[in-house]
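Visitor: Sending over a structure as structure tokens; questions will come in a sec.
The values are calculated or read from the model by the stated rules, or taken from the named source; none is laboratory data. Treat the numbers as computed from the prediction; the structure is a model and nothing was measured. Using ideal geometry, Cβ is built from the backbone for each residue, glycine included, and neighbour counts are taken over all protein chains shown. For the accessible areas, the whole protein counts, side chains as well, though only heavy atoms, and no ligand, DNA or RNA atoms are used. Shrake-Rupley method; radii C 1.70, N 1.55, O 1.52, S 1.80 Å.
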Amino acid sequence: MADELARIGFLSAILKLNSSDIKETRLLNTNLRKLHENEKQGILDVLLWAKFLNAERKEEFDMLAEKNSYINHAYQQLQIISQDKDKRLEYEARQKAIWDHNQLMLEAEQRGIERGMEQGIHAIILNSLEDNLSKEKILDKLQRYFSLTEEKAKNYYERFTRNDENN
């Protein structure tokens, strides 16, 4: 819609606003054409979403949900959260538990990666010391292999050589 008046009319109809309340519209470049190049569905999806947002009867929602899998998913979520208060609270608690679990798993994975990296750094330092490499060469290896800054490489070197001297 290149014509701003047409866009204002379209938006006022979808959003159920008075067209005089819409001061300005801007046409943003989207990827609809790229996403639906073969299907010629891009604009139809937008219209389906507009109808979905304006639907008032269950039959309308059901019909639109059958036409588009994303709308179907949104409709299922809408049905869940619009149930009675107890059901909604159960749903929200379950969602929070899922999010918490996912966050804990992500944090555990990150800790595991960090520990593995530290073990690798420690092994490189010990191996390099056994091969009588200079501190500078070891630091260079650490920076190249582990993408460390010079300061971090030095910190690891000091930490692991100090620990090995004490053992």
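Visitor: What size of dipole, in debye to the nearest 20, comes out for the stretch 99-142 about its Cα centre when the only charges are +1 on Lys and Arg C-beta atoms and -1 on Asp and Glu C-beta atoms?
Guide: The calculation lands at about 140 debye.
Visitor: Using the Karplus curve 6.51 cos²θ - 1.76 cosθ + 1.60 with θ = phi - 60°, work out ³J(HN,Hα) for each residue of the stretch 71-83 in order, rounded to whole Hz, and write x for Gly and Pro.
Guide: After applying 6.51 cos²θ - 1.76 cosθ + 1.60, I find 5, 4, 4, 4, 5, 4, 5, 4, 5, 5, 6, 9, 6 Hz.
Visitor: Right, here's the next one. Rounding to the nearest 20 debye, state how big the charge dipole of the chain is about its Cα centre with +1 on each Lys and Arg Cβ and -1 on each Asp and Glu Cβ.
Guide: My answer is approximately 320 debye.
Visitor: Here's a follow-up. Can you list, bin by bin at 10 Å, the percent of alpha carbon pairs in the chain, starting at 0?
Guide: Percent of Cα pairs in each bin: 8, 19, 16, 14, 12, 16, 12, 3.
Visitor: Another question about this same structure. Using mean Cβ contacts within 10 Å as the protection proxy, how do 141-148, 55-62 order, highest first?
Guide: Descending packing order for the listed peptides: 141-148, 55-62.
Visitor: What accessible area per residue comes out for the stretch 90-167, rounded to a whole number of Å², with a 1.4 Å probe?
Guide: With the other protein chains kept in place, the stretch 90-167 gives 77 Å² per residue.
Visitor: Round to the nearest 10 and give me the degree value, 0 to 90, for the angle of helix 150-166's Cα axis relative to the longest principal axis of the chain.
Guide: Long axis of 150-166 versus the principal axis of the chain: about 50 degrees.
Visitor: Continuing with the same structure: Kindly express, to the nearest 10 degrees and within the range 0 to 90, the angle between helix 42-54's C-alpha long axis and the longest C-alpha principal axis of the chain.
Guide: Tilt relative to the chain: about 70 degrees.
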